[in-house]
1. Those residues that are among the polar types (S, T, N, Q) and modelled with pLDDT of 95 or more, I need them from the range 1-33; list them, please.
2. I need every pair where a residue in the range 58-79 that is within 21 Å of residue 28 (Cβ to Cβ) has its Cβ under 7 Å from the Cβ of a residue that is among the small types (Gly, Ala, Ser) and assigned to a helix (DSSP H, G or I), sequence separation at least 6 or different chains.
3. Is there a residue in the range 19-28 that is exposed (fewer than 12 other Cβ atoms within 10 Å of the Cβ), of a type outside the set (Ser, Thr, Tyr) and not in a helix (DSSP H, G or I)?
4. Of the residues that make up the range 60-70, is at least one touching a Pro at 6+ places or on another chain (Cβ under 7 Å) and not in a helix (DSSP H, G or I)?
5. Hey, does the range 39-47 have a residue that's over 25 Å from residue 1 (Cα atoms), acidic (Asp, Glu) and within 11 Å of the chain's Cα centre (by Cα)?
6. Scanning the range 49-71 for residues that are more than 15 Å from the chain's Cα centre (by Cα) and of a type in the set (Gly, Ala, Ser), which turns out most open to solvent (accessible area, probe 1.4 Å)?
7. Would you point out the residue of the range 72-89, among those that are out of contact with any Phe, Trp or Tyr (no Cβ under 8 Å at 6 or more places or on another chain) and among the aliphatic types (A, V, I, L, M), that is surrounded by the fewest Cβ atoms within 10 Å (Cβ to Cβ)?
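The values are calculated or read from the model by the stated rules, or taken from the named source; none is laboratory data. These figures come from a predicted structure and were not determined experimentally. No Cβ is skipped: glycine too gets one built from the backbone with ideal geometry, and neighbour counts run over all protein chains shown. Surface areas here come from the heavy atoms of the whole protein model, side chains and all, with no ligands, DNA or RNA. Shrake-Rupley method; radii C 1.70, N 1.55, O 1.52, S 1.80 Å.
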Amino acid sequence: MSLPALLLRFEGATLLALTVFAYERYGDSWWLFLVLLLVPDLGIVGYLANPRFGAATYDLAHTYVGPAIVTVIGVITSSSLTLSVGLIWFAHIGMDRLIGYGLKYPTSFKDTHLQRV
């Protein structure tokens, strides 16, 4: 494995660890965590239409922007549920990056910004 690939996986592990730590301190039930952890993968449903649309829906669910907005809203509004959803979303992305899944190119589900899966 190349150094950049190793560093990207280490970043994913770091994001996952930080969000699990934050969830332990500020989040809701661990049942909620387990139930919602794989929800961002529903973005894959877009591939039923075509690879370009699938890549867009998958990537929208796997970029840091969405969970950052949700997490900030949770902090500002003191909503523990909203904060929990944002942290779980970040944890999912960290988990994906750790195992080598990245944002998708419109050519194929297997073509990611990290590697060809």
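1. The answer is 14, 19, 29.
2. Sorted first by the residue in the range 58-79, then by its partner, the pairs are 61/43; 67/86; 70/86; 71/86; 74/86.
3. no
4. Yes, the range 60-70 contains at least one residue that is touching a Pro at 6+ places or on another chain (Cβ under 7 Å) and not in a helix (DSSP H, G or I).
5. Yes.
6. Step by step, filter the range 49-71, then rank; the result is 49.
7. 76
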